[in-house]
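The values are calculated or read from the model by the stated rules, or taken from the named source; none is laboratory data. None of these values were measured; they are calculated from a predicted model. All Cβ positions, even for glycine, are placed from backbone atoms using ideal geometry, and neighbour counts span all protein chains on display. Heavy atoms of the whole protein, side chains included, go into the accessibility calculation; ligands, DNA and RNA do not. Shrake-Rupley method; radii C 1.70, N 1.55, O 1.52, S 1.80 Å.
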Amino acid sequence: MCGIVGMVGNADVVKDTVRGIVSLEYRGYDSFGLSVLREDDSLHVVKDVGSVSLAAERRAFDVLGQSPVAIAHTRWATHGSVSQRNAHPHVSADGRTAVAHNGVVENHHELRRELLRKGVTFTSETDTEVIAHLVSVHIASGCSLLEAVAATVPLLEGEYAFVVMSAGDPGRICGARRKSPLAVGWADGHAVVASDQLAIGLTCDRGMYLQDGDVVLVEPGAARIYTVQPNGIALAQREWVRIDSRADQISKDGYRHFMEKETHEAPDVVAKILELPAQLMRDALGPDPGAQINITGAGSAFYAAQLAQYVFAKLARTYVIAHPSDEMPNVKSFGPHDWLVGISQSGETFDTLEVARLAKASGAGVTSVANVRGSSLDRVADVCVPQCAGAEVCVLSTKSIVAQVAIAIRLAMERGLANGSLSESEHRRLGESLERLPHTLRKILTELAPRIREVGEKYNFIEHWFFIGRGLCYPVALESALKFKEVSYIHAEGMPAGFFKHGTISLIDDGFYTIAFLPSRTAEADLFKVTLANISEISARGGRVLAFGPAGATEDDLEGICEYVALPYHDDVTDSIQLLLAGQLFAYYCAVSLNREIDKPRALAKSVTVR
């Protein structure tokens, strides 16, 4: 999940390297570091605990001076505590090789023991440091930097991407990958190797993506990719592609936080999804109408998959299998009659990529729903559906999950129309509802946001929360609980409203509050009534309930509810998106009132590229 950047050029690259690694801070912000090569061919490293963007603001890297070669890192800790000595880059014992790494070296204990027996001294607790020592040992034996990296790669087990620089081979950087993303860009004598095209697009307009087992060598005049083979290395042919700079991610545009900005962009995102061709939605589930549809994702993307499961059941009378991507391989065996939809904001989520690769290897078709065009998930997929959300800087997914659910609704509508479950008139009505949705979401963001803010601030002292719902409101509850605890650091637990009485209700007292999400009072009358019954069960035991639901609820409906926020429902599946937005606003306003770190909550990262 860490961010890595390496740059070489004919002139100073330090400032551009800092810009690049700051752009990747969403991948982790426990600690940071940057290494350069001095004129005397010695390495100089600056690294510390904390935020690389704040370090850049206080000009912490000025002491490095100028250099035509640099590598940088921003960390999400896996092995070893968050400390200066565990921050990257890591330097070899002879002080001549530096490495920045993303991923996990699974056999690092064995490699460490072997190196210790050879007299190598370690200075960190990380798995990464073994890479620096191994490369250094090979260079000391007479290898070039490229040869040393190629000799090191077969020794490493796990999933990784790394960049290396060496005083013994100045003016060059090497990188390698296995299942973790790595790309290279080149323009006008300037080369970049990075774990995300975002950092490459700051200075280069074209790039290449490495494949598993590739090793890349960059220097001012060239960028070359090689494959490691049993008898040596061979030059590989990889396609140059256009890199999007995505410069729109830089500014908050007057908002206090990126989270606030990005929730307010949700209406425009839905409007863009409506512009996607209907034929793409029909093609996205493959040519076989009888194929078993499977949907997977991690974190918020999994809750979007769960929402899709309900939407397909309602609109297409189709049972789709939805599992979190880290567990799907344990319960699902793919075959040629399966079709997988993988959902990932970054398109680099490791567990989701593993499921996609497994599905492809088993003969199944794969559709990607990703926010980054050309991502690893897109490159695995048979069909790519863009999320159209634009750059999402806040670590918490807001407009992206709105996009994912809107896409799921469109997919289900087309499948329902194709299999006869949805009439043309009902398909048209749902399409009109989606067309109204941007206006409805803007109304929530302008007219109802003050009320949601009032409730969030009023109850910010509560330390324990349940989030409940039935039907479509169940995954909404799960996602809203996740959003709330991510940004507020307050305990929140989501569950089905009907499940509540099977044990969990024992926790209810006057200090344990509940958020209830109510379905449509008309379109989902039965679910509306039984959810109110569940609320009564909580109220009867002294629990306090806040609820989000449809306008038009009666005084009798609201008995047992201490705060009610009425939303302008459409009385169909699009109501779930209204509830998602309301949950995001509630979490945001509560966290702001508690003075939390909004855009980069502690211990999180946006792109989860480790198992």
Inset, instruction - Provide a single number: the residues in region 363-412 that are over 19 Å from residue 201 (Cα atoms), of a type in the set (D, E, K, R) and in contact with a strand residue (DSSP E or B) (Cβ under 8 Å, 6 or more places away or on another chain). - result: 1
Inset, instruction - Pull up region 155-170, narrow it to residues that are more than 16 Å from residue 210 (Cβ to Cβ) and out of contact with any Asp or Glu (no Cβ under 6 Å at 6 or more places or on another chain), then point me to the one that is surrounded by the most Cβ atoms within 10 Å (Cβ to Cβ). - result: 165
Legend entry - Those residues of region 32-87 which are closer than 22 Å to residue 217 by Cβ, of a type in the set (D, E, K, R) and either surrounded by 24 or more Cβ atoms within 10 Å (Cβ to Cβ) or touching a Ser or Thr at 6+ places or on another chain (Cβ under 6 Å) (or both), in sequence order: none
Legend entry - Pick from region 488-512, criterion assigned to a loop (DSSP other than H, G, I, E, B) and surrounded by 16 or more Cβ atoms within 10 Å (Cβ to Cβ), ranking: farthest from the chain's Cα centre (by Cα): 508
Inset, instruction - Residue by residue through region 110-146, note down the ones that are touching a residue at least 60 places away in the same chain (Cβ under 8 Å) and surrounded by 19 or more Cβ atoms within 10 Å (Cβ to Cβ). - result: 145
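Taking helices (runs of 4 or more DSSP H) that fall entirely within region 187-277, which contain at least 2 residues that are under 30 Å from residue 484 (Cβ atoms)? Break it down into steps so the answer makes sense when it comes.
Numbers: elements: 197-200, 258-264, 266-274.
Once the helices (runs of 4 or more DSSP H) in region 187-277 are filtered for at least 2 residues that are under 30 Å from residue 484 (Cβ atoms), what remains is 258-264, 266-274.
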Inset, instruction - Considering (1) under 14 Å from residue 199 (Cβ atoms); (2) part of a strand (DSSP E or B); (3) open to solvent by 30 Å² or more (accessible area, probe 1.4 Å); (4) not aliphatic (A, V, I, L, M), say which one residue 26 fails and leave the rest. - result: (2)
Legend entry - Pair list, Cβ < 7 Å and 6+ apart or interchain, from region 210-233 residues that are at positive phi to residues that are open to solvent by 30 Å² or more (accessible area, probe 1.4 Å) and of a type in the set (A, V, I, L, M, F, W, C): 213/228
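Residues checked against (1) surrounded by 16 or more Cβ atoms within 10 Å (Cβ to Cβ); (2) closer than 28 Å to residue 326 by Cα:
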residue	(1), (2)
259	yes, yes
274	no, no
289	no, yes
297	yes, yes
Inset, instruction - Output the residue which, of all residues in region 547-557 that are open to solvent by less than 50 Å² (accessible area, probe 1.4 Å) and outside any strand (DSSP E or B), is farthest from residue 510 (Cα to Cα). - result: 553
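Going by what's in this entry, would residue 18 be described as closer than 23 Å to residue 147 by Cβ, open to solvent by less than 40 Å² (accessible area, probe 1.4 Å) and out of contact with any Pro (no Cβ under 9 Å at 6 or more places or on another chain)? Lay out the reasoning, then the answer.
Details: closer than 23 Å to residue 147 by Cβ: no; open to solvent by less than 40 Å² (accessible area, probe 1.4 Å): yes; out of contact with any Pro (no Cβ under 9 Å at 6 or more places or on another chain): yes.
So residue 18 fails the test.
Residue-by-condition table, conditions (1) within 13 Å of the chain's Cα centre (by Cα); (2) of a type outside the set (D, E, K, R); (3) at pLDDT below 95; (4) open to solvent by 20 Å² or more (accessible area, probe 1.4 Å):
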position	(1), (2), (3), (4)
364	no, yes, no, no
367	no, yes, no, no
375	yes, yes, yes, no
378	no, no, yes, no
383	no, yes, no, yes
390	no, yes, yes, yes
395	yes, yes, yes, no
405	no, yes, no, no
